[in-house]
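Trainee: Have a look at this one.
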Amino acid sequence: MKIIADFHTHTIASVHAYATALEMIHEAAKIGLECFAITDHGISMHGVPHPYYFMNLHAIPKVYEGVRVLKGIEANIVDSKGNLDADEQILSNLDFCIASLHMPTYKDTVSVEACTEAYLALADNPYINVIAHSGSPYFKYDYEKVIKRFAEKGKLIEINNSSIKHKPEFYPNCVEIAKLCKKHGCRVCVDTDAHFVTQLGRAEEALRMLESIDFPESLIVNANRENMQKYFEENNIPLY
Ligand SMILES: [Zn+2]
Ligand SMILES: [Zn+2]
């Protein structure tokens with residue numbers, strides 16, 4: 001298996017990432033990615049952009065150097081109600097929105113109940129496409145409950161290559177989440193969470209994990225053009 005698109009990447013606008021949007025586009029074109037999303041961190045993370053950054057992303061063409069560039073955000077979940085650090089004005093302006101729990105930006109009680117509640121609220125948020133790197137042992141949630149709901153609502157669970165490659169403590173959770181996605185028919189996207197060009201589009205570790213559990217390609221929205229197109233059509237994301 002391979003990925004033809006990468007829906008979770010960062011640029012220098014996130015400050016702790018190190019390539020420009022143009023360098024990321026060059027790299028995507030070089031390695032033959034059809035599409036990628038620029039999803040810099042939401043405004044409550046340290047050193048991140050002003051809301052204008054997200055409002056003006058349309059300055060970057062839809063397709064550049066043959067690559068479909070989605071304008072997105074990795075918004076931070078700030079509480080157990082699933083509130084985010086990006087408002088409707090920002091989210092409605094973007095092609096692809098990720099919601100994530102990060103330690104520095106979550107300001108509420110940490111418990112399985114709280115994380116479950118937050119993710120269930122996001123299943124009902126029309127602007128959110130996916131929850132990212134949810135295999136964190138710190139932010140455990142009721143996997144079965146959330147994944148079932150995500151499957152019903154057509155939301156995605158991210159299989160994050162960076163978690164699988166660099167965080168051994170996330171690994172068993174990522175496997176369990178993937179198995180439940182398979183069981184309940186919940187679609188996933190396999191993303192790199194790239195913070196530099198050399199990471200973009202390279203998701204071998206995540207794909208190997210999915211292969212080890214016979215995860216069906218039909219549930220990976222960025223594994224082939226047909227899956228991606230179907231997902232885009234359902235979510236009103238123009239392909240080109
Ligand atoms: Zn980051
Ligand atoms: Zn993140």
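Trainee: Please state the charge dipole magnitude for region 5-234, taken about the Cα centre, from unit charges on C-beta atoms (+1 on K and R, -1 on D and E), reported in debye and rounded to the nearest 20.
Mentor: 240 debye
Trainee: If you don't mind, another one. Take the Cα radius of gyration of region 31-122 and divide it by 2.2 N^0.38 Å, with N its residue count; two decimals is plenty.
Mentor: The reported ratio for this selection is 1.19.
Trainee: Sticking with this one: Once you place label points 7 Å from the Cα toward the Cβ at residue 211 and residue 235, how far apart are they in nm?
Mentor: 2.5 nm
Trainee: I'd like the isolated cysteines in the chain, meaning no second cysteine's beta-carbon lies under 4.7 angstrom from theirs.
Mentor: Cysteines of the chain left without a disulfide-compatible partner: 35, 97, 115, 174, 189.
Trainee: Provide the gained length on full extension for the span residue 176 to residue 202, in nm with one decimal, where the gain is 0.36 nm per separating residue minus the Cα-Cα distance.
Mentor: Gain on extension, residue 176 to residue 202, equals 7.2 nm.
Trainee: For a distance above 28 Å, tell me the whole-number percent of Cα pairs in region 5-234 that qualify.
Mentor: Distances greater than 28 Å cover 22 percent of the Cα pairs.
Trainee: Would you please give the residues with an amide H less than 5 Å from that of residue 222, counting only those at least 5 places away or on a separate chain, with H modeled from the backbone geometry?
Mentor: HN-HN under 5 Å from residue 222: 190.
Trainee: Another one. Determine the calculated [θ] at 222 nm for the chain from helices alone, applying -39500 (n - 2.57) to every DSSP H run no shorter than 4 residues and normalising by the residue count; nearest 500 deg cm²/dmol.
Mentor: -9500 deg cm²/dmol
Trainee: Given the options 199, 229, 89, state which has the largest fluctuation in a GNM of the chain using a 10 Å cut-off (strictly under) for Cα springs.
Mentor: 89
Trainee: What are the GluC sites (Glu not before Pro) within region 30-77 that DSSP puts in a loop, where the Cβ has at most 14 other Cβ atoms within 10 Å?
Mentor: The qualifying sites are 65.
Trainee: If you don't mind, there's one more thing I want to ask. DSSP loop (so not H, G, I, E, B), at most 16 other Cβ within 10 Å: list which GluC sites (Glu not before Pro) in region 113-213 pass both filters.
Mentor: Sparse-neighbourhood loop GluC sites (Glu not before Pro): 169.
Quick note: the coordinates plus some simple rules give every number you see, no bench work behind them. Nothing here was measured: the structure is a model prediction, and the numbers come from that model. For neighbour counting, all protein chains shown are included, and Cβ atoms are generated from backbone atoms with ideal geometry for every residue, glycine included.
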